[in-house]
Amino acid sequence: MNEKTSLTRISFTGLFAALLTVLSQIQIPMPSGVPVTMQTFAVALVGFSLGWKDGLMSVFIYLLLGAAGLPVFAGFQGGIGSLAGPTGGFLWGFLFLAAGCGTPRKKSFFLRSTSRSAGLILCHILGIFQYAAVTGADILQSFLLVSAPYLMKDVLSVTAAFFAAKALKRSLLAAGIKI
C-alpha cells in the first residue's frame, strides 16, 4: 500500500466516524429509552463504504470517543455510562453490524447477505441482553420493547445504506478517489 492510499484510508476512517456522530444525533425519543435514530443507517453505510476492516475501525473510534466522554452518542450522550447503560448493547453491536456490512464483494451473494443479517441480528441480541441486564426486564419483554419495534426500520436502514454507499463509491471513483 502506498502512502497516498494509506492517508486516504485513515482520512475516510475518521471522516466516517464523524459522519456516524452527526447521524446519531437525528433521533426520535421513545418511551423505552431506546430512541429511533439514524445510527443503524450510518453504521451500515460505514461498513458498506469502507469494508469490514476500516469500517470496524471507524466504529471503534466512534465508541472510543464516546467512552472518553465526548457527546457522540444519540442525544449528545457520552461516557462509559452510555456503553454500560440500557442502550449500550446496541452500541457494542455496531461493531458486528459494520463488519457484517463490510463483507467483500468478492464473496458470494449468500455469504454477503448472511454476514449483513448476522451483523444486524447480533446488534439486536446484544442490545436486548444488555437492556434486560441493566433494567431487570426479562428477555422477551426486552425484545418486545427495544428490538421488535425497530427491526423493520433497521432492515430498511441497512438496505438504504447499501444503495447510498454504492452511489457514494461511484461518485468518488468518478472524482478519482478510491476508498
Self-check item: Accessible surface, per residue, of region 77-150 when the full set of protein chains is kept, probe 1.4 Å, Å²
Solution: 51 Å²
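Take every Cα pair under 8 Å in region 9-56 that's 6+ residues apart, average their separations, divide by the length, and report that relative contact order as a whole percent.
On the way: 39 pairs, mean separation 16.5, N = 48.
Answer for region 9-56 is 34 percent.
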Quiz prompt | Computed over region 46-143, Kirkwood Rh from alpha-carbon pairs, angstrom | solution = 13.9 Å
Self-check item: Residue among 139, 12, 67 farthest towards the positive dipole end of the chain, charges placed on Cβ
Solution: 12
Exercise. Set the Förster radius R0 to 25 Å, insert the Cβ-Cβ distance between residue 60 and residue 151 as r into 1/(1 + (r/R0)^6), and round the FRET efficiency to 0.05.
Key: 0.50
Self-check item: Kirkwood-Stokes translational diffusion coefficient of region 1-112, alpha-carbon pairs, 4 °C, 1.567 mPa s, µm²/s
Solution: 91 µm²/s
Practice problem: Quick one: angle between helix 39-67 and the longest Cα principal axis of the chain, in degrees between 0 and 90, rounded to 10, please. | Solution: 60 degrees
Quiz item: Using alpha-carbon pairs under 8 Å, 6+ residues apart, how would you state the relative contact order of the chain in percent?
Solution: 23 percent
Exercise. Evaluate Rg over Rh across region 88-158, taking Cα atoms for both radii and Kirkwood's formula for Rh.
Key: 1.05
Quiz item: Using the alpha-carbon atoms, what tilt in degrees (0 to 90, nearest 10) does helix 3-24 show relative to the longest principal axis of the chain?
Solution: 30 degrees
Quiz prompt | For the chain: lysine pairs under 22 Å (alpha-carbon distance), excluding those fewer than 8 apart on one chain | solution = 17
Practice problem: Using only Cα atoms, tell me the angle between helix 109-135 and the longest principal axis of the chain; keep it within 0 to 90° and round to the nearest 10. | Solution: 30 degrees
Self-check item: Ordering of 49-57, 26-34, 71-79 by packing [mean C-beta count within 10 Å, highest first]
Solution: 49-57, 71-79, 26-34
Practice problem: Whole Å is fine, so just give me how far the alpha carbon centre of region 98-152 lies from that of region 59-83. | Solution: 20 Å
Quiz item: What dipole magnitude, in Debye to the nearest 20, does the chain give about its Cα centre under +1 on Lys/Arg Cβ and -1 on Asp/Glu Cβ?
Solution: 880 debye
Quiz item: Residues with amide H under 5 Å of residue 36's amide H, sequence separation 5 or more or different chain, H placed in the peptide plane at 1.01 Å from N; which?
Solution: 28, 30
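The values are calculated or read from the model by the stated rules, or taken from the named source; none is laboratory data. Small disclaimer: the values here were computed from a predicted structure and weren't measured. Because the Cβ atoms are built from the backbone with ideal geometry, glycine has one as well, and the counts that use them run over all protein chains shown. Heavy atoms of the whole protein, side chains included, go into the accessibility calculation; ligands, DNA and RNA do not. Shrake-Rupley method; radii C 1.70, N 1.55, O 1.52, S 1.80 Å.
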